[in-house]
Amino acid sequence: MTTDYERYIRTDELLALQKRSADLVNPDELLFQVIHQTFELWFKVTLHDVDEVIRHAQGGRLARAAHLLRRMGLVLGVLTDQLAILETMAPADYHVVRLALGRGSGQDSPGFNQMLKIGEPLWQAFQGVRPAELTLLELHQHPEAHYDLFLLMQALMDLDERFVRWRFCHFQLVRRVIGEDVKSLKGIPAAQLVHGMREYLFPELWAVVNEVTKATNPKY
């Protein structure tokens with residue numbers, strides 16, 4: 001008899017999305033499939049929360065928006081931890097799975113590619129609630145004057161940092177299992193992933209930290 005839990009979670013459909021044991025090209029292929037499927041599910045949750053952050057920010061509920069941004073960052077932390085699980089695959093085992101991918105690549109991930117685009121709408125939402133006369137430097141120097149806005153800014157930076165950390169750990173996984181001099185199944189050198197570690201969602205927020213330091217000590 002199917003339980004309410006099974007019907008709500010749709011476990012029969014969910015657990016049918018992976019290959020059967022008899023069809024696995026390698027025992028670790030199930031691990032590979034499950035982790036990448038959960039990546040897409042967590043990306044879906046995060047992308048949903050982007051819309052909620054914008055809605056709350058536009059409604060003046062800055063603390064609520066900051067709370068959701070922090071949760072999004074925690075999700076990215078889970079994704080980063082999952083990369084460590086993938087590192088338990090021996091390179092020889094991974095390459096058996098890789099051949100089964102055909103021309104498939106993580107670069108085709110719909111969730112990841114949408115995540116690359118969340119910076120602009122979130123930044124516009126932040127800009128929309130920041131008083132026009134208030135600079136980012138002033139917000140850093142006098143956080144108590146606009147504390148909810150300051151916390152929102154910090155939450156944006158936390159999300160950005162965690163996304164970059166995930167991309168760094170992903171690059172390290174590729175180096176460890178594939179090698180950085182090898183081209184992806186799309187023909188792109190794996191070493192190109194390193195550039196993603198300098199692609200911030202909110203570059204303005206990182207740049208102003210330099211101004212804060214220089215304003216505190218002119219010798220910098």
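The values are calculated or read from the model by the stated rules, or taken from the named source; none is laboratory data. It should be emphasised that the depicted structure is a prediction, and the values quoted were computed from it without experimental measurement. Note: ideal-geometry Cβ built from the backbone for every residue, glycine included; neighbour counts use all protein chains shown. Each accessible area value is taken on the protein alone, full model and side chains, heavy atoms only, with ligands, DNA and RNA left out. Shrake-Rupley method; radii C 1.70, N 1.55, O 1.52, S 1.80 Å.
Details
- Relative contact order for the chain, counting Cα pairs under 8 Å that sit 6 or more residues apart, in percent: 24
- Nearest-0.05 FRET efficiency for ARG10 and ALA90, computed from C-beta distance (R0 25 Å): 0.15
- Between ARG64, ARG20, ARG165, the residue with the greatest mean-square fluctuation in the GNM of the chain (Cα pairs under 10 Å linked by springs) is ARG20.
- Taking every full run of DSSP H in the chain, the ones that stretch at least 18 Å from end to end by Cα along their long axis and average 0.0 or higher on the Kyte-Doolittle scale are 29-58, 62-86, 147-177, 203-216.
- Extension gain, GLN127-ASP108: 0.36 nm per intervening residue step, less the Cα-Cα distance, totals 3.7 nm.
- For the chain, modelled as a GNM whose springs connect Cα atoms under 10 angstrom apart, the maximal fluctuation among GLU13, GLU180, GLU29 occurs at GLU13.
- Label of the coordinate-derived value, semi-axes √(5λ) of the Cα gyration tensor in Å, listed as [x] 38, 24, 13; [y] 26, 20, 18; [z] 40, 17, 17: [x]
- Note: relative contact order over segment 21-119, using C-alpha pairs below 8 Å and six or more positions apart, is 43 percent.
- Note on GLN154 and THR2: with the Förster distance fixed at 35 Å, the Cβ-Cβ geometry gives a FRET efficiency of about 0.15.
- Share of carbon and sulfur in the accessible area of the chain stands at 56%, probe radius 1.4 Å.
- Neighbourhood charge, 14 Å Cβ-Cβ cut-off, centred on GLU211 and excluding it, Lys, Arg +1 and Asp, Glu -1: -1
- Springs join every pair of Cα atoms under 10 Å in this Gaussian network model of the chain, and among GLY111, GLY77, GLY128 the largest mean-square fluctuation is at GLY128.
- Label-point separation, TRP206 to TYR147 (7 Å along Cα→Cβ), nm: 3.0
- If you take all other residues with their beta carbon under 14 Å from the beta carbon of THR2, and give Lys and Arg +1 and Asp and Glu -1, the sum is -2.
- Positive minus negative residues near TRP123 (Lys, Arg vs Asp, Glu; Cβ under 13 Å): -1
- Accessible solvent surface per residue of the chain, calculated while the other protein chains remain in place, 1.4 angstrom probe, Å²: 59
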